[in-house]
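Just so it is clear, none of the values below were taken in a lab; they were calculated from the coordinates. Fair warning: this is a prediction, and the values are worked out from it, not measured in the lab. Note that each Cβ is placed from the backbone with ideal geometry, even for glycine, and that neighbours are counted across all protein chains shown.
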Amino acid sequence: MRYSSFESIFRIPVWFAISNEDFAYRTWYWINLTKVIENTPVSTSGTEKKDLFRPVNIQDCITVG
């Protein structure tokens, strides 16, 4: 994963900020990449099950709103 390499090389934490239109972009959920990698197993999607992703549990995020 490129973000993980970036984090390791430069020692700069990578954070993801998640929001959507349902919250009128007033509530944001922040999660650190390291926490995602440590706490979330890889899942697959798509017809060929080759698309990899990690579903983030909203309770693992820091809520800002």
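Condition first: without any contact (Cβ under 8 Å) to a residue 40 or more places away in the chain and within 13 Å of F16 (Cβ to Cβ). Now tell me which residues in the range 42-56 satisfy that.
If the condition is that a residue be without any contact (Cβ under 8 Å) to a residue 40 or more places away in the chain and within 13 Å of F16 (Cβ to Cβ), then F53, R54, P55 are the ones that fit.
Being of a type in the set (F, W, Y) and at positive phi: is that true of Y25 here?
yes
Residue-wise test of (1) surrounded by 11 or more Cβ atoms within 10 Å (Cβ to Cβ); (2) touching a helix residue (DSSP H, G or I) at 6+ places or on another chain (Cβ under 8 Å).
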| position | (1), (2) |
| --- | --- |
| R2 | no, no |
| I9 | no, no |
| I12 | no, yes |
| A24 | no, no |
| K35 | yes, yes |
| D51 | no, no |
